[in-house]
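Worksheet for the structure shown next.
Rule-based calculations on the coordinates, nothing more; no lab input. All of these numbers come straight from a predicted model, not from anything done at the bench. Counting neighbours? That spans all protein chains shown, and the Cβs are built from the backbone with ideal geometry, glycine included.
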Amino acid sequence: MSPISKGFLMVGMMVSLFLFLVCGSASAGGYGALPKEELKQYVSEIDLEKFGTPNSFFDADKMGDMTGWDPSKWENPKGDVIKIAVAWPHSGPGALNGDLAWACMTFVAYDINQRGGITVDGKKKKIALFKADTMSRPDQARTIMEKMILQEKIDAAIGTSGSNIQKIINAAAARHGIISVNVGALDEELQHGENFSRYSFMVADTTEAIGRGMAHYFGKVRQKEKKFYIICQDYSFGHGMGEGFKKGMEEYYPEGRIVGEDYHPLFATDFAPYITKVIASGADAIWTGDWLPDAGNLLKQLRAMRVNVPVANLFVDEPNSLSDIGVEGTRNLFNINHHDISGPAFKNDKMIKHHDAWHNNWKTWTTAPYNTPLFKHNGATIGLWTQGFYWYLNVVERAGTMDVEKIIETWEGDVYQFVSGRIVKMRACDHMAIQGFRVSEFVPPEEQKVSMNIEPYCWFDTCCYAGPAWDVPAYAVLPPKCEDRCAGFDGWGDPIK
């Protein structure tokens, strides 16, 4: 299929588009629009009006034969390929995040390669992946990115857990003129001021938007707890999560108040001093942005010290640690999610097909950690990371080339729909994705069927997990603008009239 760019559509390209629509294609997504009535089930009327019709969407019917996909047995294809660095901690205390990322990126690449690759510069190219082990260390991140770019000759990089590390990845990509796809780091400052690079695109949502989104839920939906304690990691991401929640409380829940806040070192092992302060404060809920392994360790120690108040969170959803704690200890969790939407998780056959392509392979894996519950399903963070990678490859194919300038042109202002139904827009002025959230209450296995609506009708039988859920609309949590770059544009990236 000849790809469609944002430029003038020449006659030959129009013919190719016609053939695509008639005959189909092994593309990285579906082109064209879903019916507006169908789109309404995924977003609010206000959001749909502002997003407009997606330019493209993930189409599970176009997936390749996923039989045999196993992240522990990945092999790169030979020949003329698109080279992508998967820049995460693949060793050290944050290595589980790298394992998660490797599963996500190999899933996408396996699918695209089974289709025969994507068409760029007049030829089909498959995807080759390279582990860029940051070890969660800035010095190592600098070293490995230079190696990836200068020795492996990568075409793009995708990352990562840790905004401090993503900043280094973005800077390296900018120096060498390649695309940096950020699906994992959430600090909005990555796209602001001197940190901004036209080569970096932030598919991940932002700390401020996430914090505001959770406050929106407690103030506009739940309206119960009023005294909140913040526990987050002590670097830009954690402080951003805390500030975002406080801003959201002022905006959406002025009746509530913050009774304390603490910021702990990354990869902390002793949370008792912080938990003791939570108890003394009289807080009736906790907000944390902690990611692995801190998220699981914090919850384990909270419950061990008999602190059973609600824990509002982004990443306290890791089923291995939740299963260790058990059903009773994982009640009272409220998770904000950047991929899924409220209601039944599987609204059509395509969603089921996409889930089964992941889950049915998972059942055959024997290599740790991939054979653990963490990798059982492909929603939540796995969903965002995989769909973010699909979005990038879809943009590349629509650009029709690996020419970076044309990729940038195609991605700026693009509107895309994930397999979950969530619609996202890449704000052109600062390359930040606009999207809404889902907040779910974690409930025992027998109550999870309101979300997990296919057999066995529960996500996990060893812990509480997603049950009743509510959507936070995108218009309520627009990412903060880069004021210098977005002057004259509103929060949606549209010109101010």
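General remarks:
- Its Kirkwood hydrodynamic radius, worked out from the mean inverse distance over all distinct Cα pairs, puts the stretch 343-390 at 11.5 Å.
- Potential lengthening of the chain between Thr372 and Asn308 amounts to 20.4 nm, from the contour at 0.36 nm per residue minus the alpha-carbon distance.
- Hull volume in cubic angstrom per residue (convex hull over the Cα atoms of the stretch 311-394): 122
- Ranked by the mean number of other Cβ atoms within 10 Å of their residues, highest first, the peptides 310-316, 355-361, 180-186 fall in the order 180-186, 310-316, 355-361.
- Cα-projected label distance for Asp65 with Lys123, points at 7 Å along beta-carbon direction, nm: 2.6
- Among Ile169, Asn195, Ile407 - extreme Cα towards positive end, dipole of the chain, charges at beta-carbon: Ile407
- Among (1) 32; (2) 20; (3) 29, the entry derived from the coordinates for percent of Cα pairs over 38 Å apart: (2)
- Among Ala433, Pro479, Gly122 - extreme Cα towards positive end, dipole of the chain, charges at beta-carbon: Gly122
- Stokes-Einstein diffusion coefficient of the stretch 375-497, Kirkwood radius over Cα pairs, 20 °C, 1.002 mPa s, in µm²/s: 128
- Note on Ala174 and Trp492: with the Förster distance fixed at 22 Å, the Cβ-Cβ geometry gives a FRET efficiency of about 0.30.
- When the Cα positions of Met63, Thr386, Pro456 are compared along the charge dipole of the chain, Met63 comes out farthest toward the positive end, with charges on each C-beta of Lys, Arg, Asp and Glu.
- A cut-off under 13 angstrom between Cβ atoms defines the neighbours of Lys353, and their net charge, with Lys, Arg +1 and Asp, Glu -1, is -3.
- Helix 294-304 vs. the chain, principal-axis angle (Cα, 0 to 90°, nearest 10): 20
- Residues of the stretch 278-302 falling in the label zone of Lys224, defined by backbone nitrogen less than 19 Å from a point 7 Å along Cα to beta-carbon, are 282-288.
- Considering helices alone, the calculated mean residue ellipticity of the chain at 222 nm is -10500 deg cm²/dmol, with DSSP H runs of length four and up weighted by -39500 (n - 2.57) and normalised per residue.
- Rule-of-thumb Rg ratio for the stretch 237-301 [Cα; 2.2 N^0.38 Å; N residues]: 1.15
- Rounded to the nearest whole Hz, the Karplus-based 3J(HN,Hα) values (6.51 cos²θ - 1.76 cosθ + 1.60, θ = phi - 60°) of the stretch 213-227 follow the sequence x, 5, 5, 4, 4, 5, x, 9, 10, 6, 6, 10, 5, 10, 10, with x at glycine and proline.
- For the stretch 351-442, the Cβ-based charge dipole about the Cα centre amounts to some 440 debye (Lys, Arg positive; Asp, Glu negative; other atoms uncharged).
- Residue order, fewest to most beta carbons within 10 Å, for Cys486, Cys463: Cys486, Cys463
- Extension gain (nm, one decimal) between Arg142 and Thr276, 0.36 nm per residue minus Cα-Cα: 44.4 nm
- Charge dipole (Cα centre; +1 on Lys/Arg Cβ, -1 on Asp/Glu Cβ; no other charges) of the stretch 427-497 amounts to roughly 300 debye.
- Reported to the nearest whole Å, the Cα centre-to-centre distance from the stretch 221-251 to the stretch 274-294 is 11.
- Mean Cβ count within 10 Å, highest first, over the residues of peptides 289-297, 89-97: 289-297, 89-97
- Selection of GluC sites (Glu not before Pro), the stretch 49-146, meeting DSSP coil and at most 16 other Cβ within 10 Å: Glu75
- Cα centroid separation - the stretch 465-487 against the stretch 134-178, whole Å: 27
- Rg to Rh, two decimals, where the stretch 106-260 supplies the alpha carbon set and Rh follows Kirkwood: 1.10
- The stretch 335-385 and the stretch 183-210 have Cα centres lying 25 Å from one another.
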